[in-house]
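The values are calculated or read from the model by the stated rules, or taken from the named source; none is laboratory data. Quick caveat: nothing in here was measured; it's all calculated off a predicted structure. Please note: Cβ atoms are built from the backbone with ideal geometry, for glycine as well, and neighbour counts cover all protein chains shown. The accessibility values were calculated without ligands, DNA or RNA, using every heavy atom of the protein model including side chains. Shrake-Rupley method; radii C 1.70, N 1.55, O 1.52, S 1.80 Å.
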Amino acid sequence: MSMRPQAKEHDKSYYVYTYGCQMNVRDSEVIRGLLEGCGYHAASSPEEASLIVFNTCSVRHSAENKVYGKLGEITALRRKDPDKLIAFGGCMAQLPEVRQKLKKHNVDIIFGTLNIHELPGLIRRAEEGQHPVVQVWDKAGSIIEPLPSKRSGGYSAFVNIMFGCNNFCSYCIVPYTRGRERSREARDIIKEIRELAQAGYKEVTLLGQNVNSYGRGLDEPIDFPDLLNMVSEVDGIERIRFTTSHPKDLSDKLIDTMADNPKVCEHIHVAMQSGSNRILKLMNRGYTREHYLERTMALRQRIPGVAISTDIIVGFPGESEQDFLDTLDMVQKVRFDSAFTFMYSPRTGTKAAEMEDQLPVEVKRSRLHQLTQLQYAIALEINRGLEGKYEEVLVEGPSKTDPSKLTSRSRTNRIIIFSGPDDIAGQIIRVKITEARTFSLFGEIA
Ligand code: SF4
């Protein structure tokens, strides 16, 4: 470790780059809260900022390459302003091979997903001239409560209910970058949600890699459906969403709670990944296509109009034409409202990356194309079925694509664009669907 010339006292401002999933979006809100707690304020651009933070994602190498590209730009920027500090965190920072690689990028601070709360102290050490300051925990400690956060505004907020994952799907790096599953105490979650309601938020999305296993390891005997019911008792919160559910832990109790609790929205994201039992086994997913089908049918029987979204990977090592056809068959049987679809890409450090029979990219690309064509057609058909019908929506504000219109989200997690006065932002209203597209709907105030 060398001593860097002490940064001249100047306007302490930050700029945060966020990559990846909702968990990272929420972590960036905490990072901003911590920075504002130690005298930094938000800069409008990296050029302006005295501290640039990378909150990274390592789910695929393509995600990492994007980060290295931006890091190259920022280190070039720092050559013009040597006092700038660069902090590198998130899932990539948890990986030893990445920390090795970062040496040549000369970043000032490296912190991990398990010790975000230490950031203020690490920055102080860098400001005092230590370089580089590297502090990454490879084992999770107890959950720090409460942590400050600077939220991104709006009427819908993300709330972490648990961290980490114990499932070790063979293609996934998350258990290595986010540690073992640990649930927050229900009282801390409820306290946070009460504060959100007082701040005017109408909707919360409960976050976890596998929310269905919430409560395991807590002294208090509580599970995820119990928590949903507790959250629904918070005055001011009108809607509750959650992500992500693992099919193997999708219980009847959860389905009943979704059906009976009017505040829990009729949408669930249940990652299927593949429709082939042979591939599900190789993925170490812990369920069969029959189980997945039975759970989605149970959802539909118990919750009319429930929207089901999913994640699907094609081109997993060894995936035969028949395995792929099994996936297409499941997509036709389940008829997902929407799906995130991916070509398998080997992720160093995972079991699947070591597997034989890695498929050629042309095969993966052609299968991804066939899958998306099928899924988009199904999504459009389902959306067309909503034309002329009414949906309850939370008005989020001006649409990004057409600021003269308002954007909103239905209980089934559909984006609905319509014309209306700006001052209804934050309200829950009814709209009539006038036109359907694959990824969004258009409507008018009912
Ligand atoms: S459930 Fe599987 S895919 Fe999801 S985070 Fe855990 S290991 Fe990764």
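Considering the range 197-212, and only residues there that are under 17 Å from the mean Cα position of the chain (by Cα) and more than 11 Å from the ligand (Cβ to nearest atom), the residue that is nearest to Met23 (Cα to Cα) turns out to be Leu207. I'd like the full set of residues that are part of a helix (DSSP H, G or I), more than 12 Å from Arg414 (Cβ to Cβ) and in contact with a strand residue (DSSP E or B) (Cβ under 6 Å, 6 or more places away or on another chain), limited to the range 373-389. Gln375, Arg384 - these are the residues of the range 373-389 that are part of a helix (DSSP H, G or I), more than 12 Å from Arg414 (Cβ to Cβ) and in contact with a strand residue (DSSP E or B) (Cβ under 6 Å, 6 or more places away or on another chain). Please tell me if Ser142 is open to solvent by 60 Å² or more (accessible area, probe 1.4 Å) and part of a loop (DSSP other than H, G, I, E, B). Judged against the criteria, Ser142 is a match. Scanning the range 253-273 for residues that are over 20 Å from the mean Cα position of the chain (by Cα) and either within 14 Å of the ligand (Cβ to nearest atom) or not polar (S, T, N, Q) (or both) returns Lys253, Leu254, Ile255, Asp256, Met258, Ala259, Asp260, Pro262, Lys263.
Here Arg151, Arg194, Arg125, Arg180 are screened, and the one residue that is without any contact (Cβ under 8 Å) to a residue 40 or more places away in the chain and either under 30 Å from Asp311 (Cβ atoms) or more than 16 Å from the ligand (Cβ to nearest atom) (or both) is Arg125. Consider the range 213-252 and keep the residues that are open to solvent by 20 Å² or more (accessible area, probe 1.4 Å) and within 13 Å of the ligand (Cβ to nearest atom). The one that is nearest to Cys172 (Cα to Cα) is Thr244. The set of residues from the range 57-81 being out of contact with any helix residue (DSSP H, G or I) (no Cβ under 9 Å at 6 or more places or on another chain), in contact (Cβ under 8 Å) with a residue 60 or more places away in the chain and of a type outside the set (Gly, Ala, Ser) comprises Arg60, His61. Across the range 163-172, the qualifying residues are those that are more than 23 Å from Val16 (Cα to Cα) and of a type outside the set (Ser, Thr, Tyr), and the one among them that is farthest from the ligand (Cβ to nearest atom) is Asn166.
Scanning the range 42-56 for residues that are open to solvent by 10 Å² or more (accessible area, probe 1.4 Å) and without any contact (Cβ under 8 Å) to a residue 40 or more places away in the chain, which turns out nearest to Ile110 (Cα to Cα)? Result: Pro46.
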